[in-house]
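Here is the structure we will look at, set down as structure tokens.
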Amino acid sequence: MANGEQQQIIVKRIKKSGGGHHGGAWKIAYADFVTAMMAFFLLMWLLGSTTKGDLAGIADYFATPLKVALQGGSGSGDASSVIKGGGTDLTRSEGQRKKGDIEAEKKTINLKAAEAERARQERSRLLELKARLDAAIDANAALQPFKNQLRVDLTPDGLRIQIVDELNRAMFDSGSALLKDYTKNILRELGRLMNDVPNKISLSGHTDAKPYSSGERGYSNWELSADRANASRRELIAGGIAENKMIRVIGQGPAVALDKSDVYNPINRRISITVLNAEAERRILEDSVNPALEIPADGSVPAALPADGVPASVPVPAAPVAPGR
């Protein structure tokens, strides 16, 4: 240098490498992208599951948050905040009204009125069936000769159709469950008509009070009335009535006389078919018509059940022993 020689400048160039194929910079960018997409879809899901009322409150808040927080107004959020905000509370139902898409309409049901309306409709349906039965009896030449033996009336249990015996025209052979041909025709015609209503049916057989010579220990009026009820059930089914409509088939013997003043009157021998209303059907199915009687420890019979087993309302005078009718 002292000799005037020029100093040589050496420039070192350092080449920076981005890592090439093995670099990690792109991974950071990709992770940021995935995070942003996840946040976006999460936001879309939240917006989609939020009601319009809540969205309106959020939009109002972010429109002028400082003004709302300091001076109050719509969309200020929780009304319990120490900062005076006011507005509609979007989270509470007491004290303030919660916004939503559609206000739920409160409906009250008057159960008594609904039950009364159901009973009215059912009675109307049974009255319509009664009118159809009366018309069918008048229009059917095969049934007209037996019009006096067919009795149709409304009872607390529903519409009752009774086929009764006359002095010289019985439904069954004496002491037998064998149906007469005209009785079969009557039952089949009734079965066709009654199948049009949805109500269930109860069927009972009745006899007069003439006892069998073998007494109550053998085959008696109780068995006879039950056999006649079942024979009538089969003919109703043959006439087209659905089998599942029958919920009770019983024999009541002479216990429930139609003519209580003369228990030997032929009209006491009858088949009673009842198209049940809903209340009677419920009682039968729940088996609550006749609750069990408590028998005292001394074996005495309660007052509700006479010792002879015959209801006091059906007097049975002495009669010569003859086959039951």
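Brief remarks follow.
- For the residues 236, 159, the requirement of being closer than 30 Å to residue 120 by Cβ, in contact with a strand residue (DSSP E or B) (Cβ under 7 Å, 6 or more places away or on another chain) and surrounded by 21 or more Cβ atoms within 10 Å (Cβ to Cβ) singles out 159.
- Qualifying residue in the range 177-186 (condition: hydrophobic (A, V, I, L, M, F, W, C) and surrounded by fewer than 17 Cβ atoms within 10 Å (Cβ to Cβ)): yes
- Each residue in the range 185-222 was checked for being of a type outside the set (Val, Ile, Thr) and part of a helix (DSSP H, G or I), and 11 pass.
- Among (1) of a type outside the set (Gly, Ala, Ser); (2) within 17 Å of residue 233 (Cβ to Cβ); (3) without any contact (Cβ under 8 Å) to a residue 12 or more places away in the chain - the single one residue 187 does not satisfy: (3)
- Residue within the range 246-253 that is surrounded by 21 or more Cβ atoms within 10 Å (Cβ to Cβ), assigned by TED's automatic domain parsing to the domain that holds residue 210 and closer than 19 Å to residue 151 by Cβ present: no
- Failed item in (1) surrounded by fewer than 20 Cβ atoms within 10 Å (Cβ to Cβ); (2) farther than 22 Å from residue 256 by Cα, with residue 227 passing the rest: (2)
The values are calculated or read from the model by the stated rules, or taken from the named source; none is laboratory data. Values in this document were obtained by computation on a predicted structure and should not be read as measured data. In this analysis, Cβ positions are derived from the backbone assuming ideal geometry, glycine residues included, and neighbour counts consider all displayed protein chains.
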